[in-house]
Amino acid sequence: MHYIDVGQAESSLVLCDGEAMLIDGGNAEDGNLIAAYLKKENVSTLDYLICTHAHEDHCGGLSGALSVVSVKNVLAPQTEADTEVYQNFKDKTAAQGLSIQRPSAGDSFMLGSSTVLIVGPINENSGDPNNTSIVIKLTYGGTSFLFTGDAERDEEQDILNAGYDISADVLKVGHHGSDSSTSYVWLREIMPNYAVISVGKDNTYGHPAEEVLSRLRDADVQVFRTDLQGDIVAVSDGTDITITTEKNKTIKTNETAAKPEESGYIGNKNTKKFHRPDCRTLPAEKNQVQFLSRDEAISSGYEPCGNCNP
């Protein structure tokens with residue numbers, strides 16, 4: 001498992017018994033980096049290319065991969081999205097004579113001698129693309145890995161309600177460590193030994209959130225982070241897992257990232273969402289309500305904005 005450092009984005013490469021799967025490709029600007037990484041790992045064919053959801057920081061660089069390797073199967077939770085990067089992804093897929101497949105929860109396939117199980121999304125019509133993320137459990141021998149895209153609490157709960165076994169040794173933490181993901185009940189069901197957070201250094205979102213790092217500490221999970229350690233590689237022999245990092249192997253990784261200074265939060269009376277003061281989707285002043293803290297906003301029935309991730 002290669003958790004590739006693509007900054008405030010996400011991309012993972014899975015290699016097993018001569019077969020390869022790419023999960024997400026970072027931002028559009030990461031296309032050349034992904035292509036170079038595939039070349040470095042001698043990957044000329046991807047058996048599976050998976051776009052967990054349509055946000056640019058997950059699908060943007062997939063065009064780069066499709067430009068340099070042949071692909072056998074392309075999976076995504078939707079076949080259409082009104083963005084230039086997604087259209088480029090579609091065009092590159094079509095150029096290889098392929099169409100995007102929409103998997104369903106419960107579908108499975110083999111990658112080498114490992115089993116890949118799709119456990120989400122359960123609700124493919126969620127209004128939030130994050131909650132349409134393809135969530136994957138990969139099992140190799142007695143070891144397992146969970147990839148969560150940007151799935152937030154709603155999708156986590158849907159998967160829990162569906163009764164899937166999501167226990168895993170290694171958790172790819174949802175939504176770059178945002179507090180909107182990795183709930184206590186979700187983490188309790190997974191019970192990972194290790195967690196990987198794909199996140200950009202000094203990002204403006206304050207990821208990973210201290211609340212998430214605290215939950216991981218409480219669960220005694222060893223955390224690895226791309227912002228502090230670069231590329232992260234987990235190798236399994238079917239029994240044991242060894243994790244190596246590009247740099248800073250012994251650095252403390254479970255401390256909160258620096259957050260930008262804030263002066264409370266701004267709620268939207270109509271949508272019942274709350275935002276950071278610098279969010280680009282703030283409502284008109286007449287529709288604003290002020291909150292002194294995040295807890296106050298949530299206790300008042302407001303939900304976090306999906307753009308600024310307050």
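Return yes when Leu75 is under 18 Å from the mean Cα position of the chain (by Cα), buried (at least 20 other Cβ atoms within 10 Å of the Cβ) and over 22 Å from Gln8 (Cα atoms) and no when it is not. Even if it seems obvious, please write down each step before you answer.
Details: under 18 Å from the mean Cα position of the chain (by Cα): yes; buried (at least 20 other Cβ atoms within 10 Å of the Cβ): yes; over 22 Å from Gln8 (Cα atoms): yes.
Spelling it out, Leu75 is indeed under 18 Å from the mean Cα position of the chain (by Cα), buried (at least 20 other Cβ atoms within 10 Å of the Cβ) and over 22 Å from Gln8 (Cα atoms).
Considering (1) closer than 23 Å to Val212 by Cα; (2) at pLDDT 90 or above; (3) among the basic types (Lys, Arg), say which one Lys269 fails and leave the rest.
(1)
Among residues belonging to region 17-45 that are within 18 Å of the chain's Cα centre (by Cα) and part of a loop (DSSP other than H, G, I, E, B), point out the one that is surrounded by the fewest Cβ atoms within 10 Å (Cβ to Cβ).
Within region 17-45, the match that is surrounded by the fewest Cβ atoms within 10 Å (Cβ to Cβ) is Asn27.
Would you pick out the residues in region 56-84 that are in contact with a helix residue (DSSP H, G or I) (Cβ under 6 Å, 6 or more places away or on another chain) and part of a loop (DSSP other than H, G, I, E, B)?
Let us first name the residues in region 56-84 that are in contact with a helix residue (DSSP H, G or I) (Cβ under 6 Å, 6 or more places away or on another chain), namely 56, 59-66, 68-69, 74, 77.
Listed by number, the residues that qualify are Gly60, Gly61, Val69, Pro77.
If you check every pair at least six apart or on different chains, which have Cβ atoms under 6 Å apart with a residue in region 11-34 that is under 22 Å from Val173 (Cβ atoms) first and a residue that is among the basic types (Lys, Arg) second?
none
Exactly one condition in (1) in contact with a His (Cβ under 7 Å, 6 or more places away or on another chain); (2) modelled with pLDDT of 95 or more is false for Thr281; which is it?
For Thr281, the failing item is (2).
Could you tell me whether Ile251 is within 25 Å of Asp30 (Cβ to Cβ), aliphatic (A, V, I, L, M) and in contact (Cβ under 8 Å) with a residue 12 or more places away in the chain?
Yes.
Here's the yes/no breakdown for (1) within 23 Å of Asp107 (Cβ to Cβ); (2) touching a strand residue (DSSP E or B) at 6+ places or on another chain (Cβ under 7 Å); (3) acidic (Asp, Glu); (4) not assigned by TED's automatic domain parsing to the domain that holds Ser144:
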| position | (1), (2), (3), (4) |
| --- | --- |
| Glu29 | no, no, yes, no |
| His58 | yes, no, no, no |
| Ser63 | no, no, no, no |
| Ser67 | no, no, no, no |
| Ala95 | no, no, no, no |
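Counting only residues that are touching a helix residue (DSSP H, G or I) at 6+ places or on another chain (Cβ under 9 Å) and outside any strand (DSSP E or B), which one in region 1-16 is surrounded by the most Cβ atoms within 10 Å (Cβ to Cβ)? Outline the logic, then answer.
Going through region 1-16, the residues touching a helix residue (DSSP H, G or I) at 6+ places or on another chain (Cβ under 9 Å) turn out to be 2-11, 13.
Among the residues that remain, those that are also outside any strand (DSSP E or B) are: 4-11.
Numbers: Ile4: 27, Asp5: 26, Val6: 26, Gly7: 18, Gln8: 19, Ala9: 26, Glu10: 31, Ser11: 27.
Per the stated criteria, the residue is Glu10.
The values are calculated or read from the model by the stated rules, or taken from the named source; none is laboratory data. Note that the structure is a prediction, hence the values are computed from the model and not measured. Positions of Cβ are generated from backbone atoms using ideal geometry, with glycine treated the same way; all protein chains shown enter the neighbour counts.
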